[in-house]
Amino acid sequence: MAVITKTLSFQTRGNDDMIDITSSVQDALSSSGLSSGIVVIFVPGSTASVTTIEYEPGLLKDFPRAMEKLAPRGIRYDHDATWGDGNGYAHVRASTVGPSLVVPFENGRLMLGTWQQIVLVDFDNRPRSRNVIVQAQGV
């Protein structure tokens, strides 16, 4: 059993920016030389998340609208009163979606559904440089 760790870097626009990182994760997995196991995709930080979605124009609009209903901008968050950075909603959104994802792989390929892509979502209220850690464990 081997464990291989890679770090991927992305520039985001913030404000619910959603980036399809599937091919980058697959490339990291392919370069690991592993054939079967699991891969963990993790974003450090408390205002971004990793999840899966069908990465298509309709859902790129629907997802932010759903997040706005869950944790709207423009309401009072105690976090904002503490730090004054105006991104309390981003912390709530990110903690709801989560910072990581586990995907099995076989024959060196991610075992995703036909319409399922891995996405990085940046909920913060400004552009950011984000690292995504990809850790593959397998044989």
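I'd like the carbon and sulfur percentage of the solvent accessible area for the chain, probe radius 1.4 Å, heavy atoms only, ligands and nucleic acids excluded.
53 percent
Mind listing which trypsin sites (Lys or Arg not before Pro) in segment 1-108 are in a DSSP loop and have 11 or fewer other Cβ atoms within 10 Å?
Arg76
Accessible area per residue, 1.4 Å probe, Å², for the chain: what's the number?
52 Å²
How about segment 49-127: which GluC sites (Glu not before Pro) there are in a DSSP loop, with at most 16 other Cβ atoms within 10 Å of their Cβ?
Those satisfying the criteria are Glu54.
Sticking with the crude label model, points 7 Å out along Cα→Cβ, report the distance from Trp115 to Glu56 in nm, one decimal please.
That separation, rounded to one decimal, is 0.5 nm.
So which residue, out of Thr114, Thr51, Thr12, gets the largest mean-square fluctuation from a GNM of the chain using Cα contacts under 10 Å as springs?
Largest GNM mean-square fluctuation: Thr114.
Picking from Leu29, Leu101, Leu70, which is most flexible by a Gaussian network model of the chain using Cα springs under 10 Å?
Checking each option, the largest mean-square fluctuation is seen for Leu70.
Which value at 222 nm does the chain reach when only helices count, each DSSP H run of 4 or more adding -39,500 (n - 2.57), with the total divided by all residues and rounded to the nearest 500 deg cm²/dmol?
After summing the helix terms and dividing by the residues of the chain, the value is -8500 deg cm²/dmol.
In a shell of Cβ-Cβ distance under 12 Å around Asp20, excluding Asp20 itself, what net charge do Lys and Arg (+1) and Asp and Glu (-1) give?
-3
If you average 1/r across every pair of different Cα atoms in the chain and take the reciprocal, what Kirkwood value do you get, in Å?
With all distinct Cα pairs of the chain included, I get 15.7 Å.
Grab the Cα-Cα distance for Asn125 and Leu70, subtract it from 0.36 nm times how many residues apart they are, and report the gain in nm with one decimal.
Full extension of this stretch gives 18.2 nm more.
The values are calculated or read from the model by the stated rules, or taken from the named source; none is laboratory data. Fair warning: this is a prediction, and the values are worked out from it, not measured in the lab. FYI the Cβ positions are ideal-geometry reconstructions off the backbone, even for glycines, and counts take in every protein chain you see. Side chains included, ligands, DNA and RNA excluded: accessible areas come from the protein's heavy atoms. Shrake-Rupley method; radii C 1.70, N 1.55, O 1.52, S 1.80 Å.
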